[in-house]
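Derivation of every value follows stated rules applied to the coordinates shown; laboratory data play no part. Computed from a prediction, not measured in an experiment: that's the story for all the values here. With ideal geometry, Cβ positions are generated from the backbone for all residues, glycine too; neighbour counts draw on all protein chains shown.
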Amino acid sequence: MIQLTRRGFATGAMSLAAGTAAPVEPSLRLPPTDRPTVALTLDACPGNFDERLARLLVENEIKATIFVTALWMRWNPNGLAFLLAHRDLFALQNHGARHLPPILGTRPVYGLRPAGSWDAIETEIAVGADTIQTASGTKPAWYRGASALYSPEVLDPIRHMGIGIAGFSLNADQGASLPAATVAARIAKAQSGDVIIGHINQPLRPSGGGIAVGAAALKRQGMTFAWLPG
Ligand SMILES: [Zn+2]
């Protein structure tokens, strides 16, 4: 079997880019466990820090995986310090350097300009990972692209970097756009194995409060909250 180099994959991705296939939204669930378990994953896209949500998670001792962008880390030093002060609950993973969707071509998604090329996607991932490692001392194992959409051609090259692609199975807040009661009801219906996606960068929107209420209700029902494995 021919051992492909990283550059070999990159070239392959670039040549496939001409087709600009429709973006895909990978799904992710946790492996089976003995007791009911979900993963709460919260994106820190560029924006602010939803300290209300973070404090409620701490009060309820609920673990969450926080997907941070390097931009968010730079803009929210106090938020980053809060997360790092609660490492028993919050694990930092990679949401990219500049929040550029890992999509080839030029067509915007959700109003975001895509990274456009494999080189730009690789930089987005690598710089995001380096920023997290510098801040926390821990190298992230997971990447979730901005928009959670990916050009299908770049999925294997990303995995070849040794990075897991953090899909999800339950969308709690639709980009922090839903009312709190709706978000709480969606989370309360989570099943064991679900990877829940929400946001922790929109303190002025009601959805963050709904995440806290829904997660606390799940925990009272006996659900265990785990980080993404690895
Ligand atoms: Zn995002």
(request) Would you mind computing the Rg to Rh ratio of the chain from its alpha-carbon coordinates, Kirkwood style for Rh? (result) 0.97
(message) List the lysines whose Cα sits under 22 Å from the Cα of residue 219, skipping any in the same chain fewer than 8 residues away.
(response) 63, 189
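In nm, what is the difference between 0.36 nm times the number of residues separating residue 139 and residue 106 and their Cα-Cα distance? Write down the numbers at each step before the final one.
Working: separation 33, 0.36 × 33 = 11.88 nm, distance 3.02 nm.
Contour length minus Cα-Cα distance gives 8.9 nm.
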(request) Starting from the Cα of residue 220, step 7 Å along the direction of its Cβ; do the same at residue 55; then give the gap between the two resulting points in nm. (result) 2.1 nm
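If I take R0 = 35 Å and measure r between the Cβ atoms of residue 185 and residue 22 in this structure, what FRET efficiency does the formula 1/(1 + (r/R0)^6) give, to the nearest 0.05? Kindly include the intermediate steps, with their values, before the conclusion.
On the way: r = 31 Å, r/R0 = 0.88.
That pair, residue 185 with residue 22, gives E of 0.70.
If you filter the range 84-166 for trypsin sites (Lys or Arg not before Pro), then keep DSSP loop positions with at most 15 other Cβ within 10 Å, what is left?
Details: sites: 87, 98, 144, 159; in loops: 87, 98, 144.
In loop regions of the range 84-166 (DSSP not H, G, I, E or B), the sparsely surrounded trypsin sites (Lys or Arg not before Pro) are 87.
Distances longer than 22 Å among the Cα atoms of the range 42-168: what percent of all pairs is that?
Numbers: 2572 of 8001 pairs.
Across the range 42-168, Cα pairs with separations above 22 Å total 32 percent.
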(request) For residue 139, go through the aspartates and glutamates and keep the ones whose alpha-carbon is under 12 Å away, minus same-chain ones fewer than eight residues off. (result) 130
(request) Pull out a ≥ b ≥ c, the square roots of the eigenvalues of the alpha-carbon gyration tensor of the range 17-75, then state rounded if a/c is under 1.5, prolate if not and a/b is larger than b/c, and oblate in the remaining case. (result) oblate
(request) Report the one residue of 131, 217, 48 whose Cα lies farthest in the direction of the positive end of the charge dipole of the chain (charges on C-beta: Lys and Arg +1, Asp and Glu -1; origin at the Cα centre). (result) 217
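Taking each pair of different alpha-carbon atoms in the range 77-117 once, compute 1/r for the pair, average those values, and report the inverse of that mean as the Kirkwood hydrodynamic radius in Å to one decimal.
Values: mean 1/r = 0.0813 Å⁻¹.
That comes to 12.3 Å for the range 77-117.
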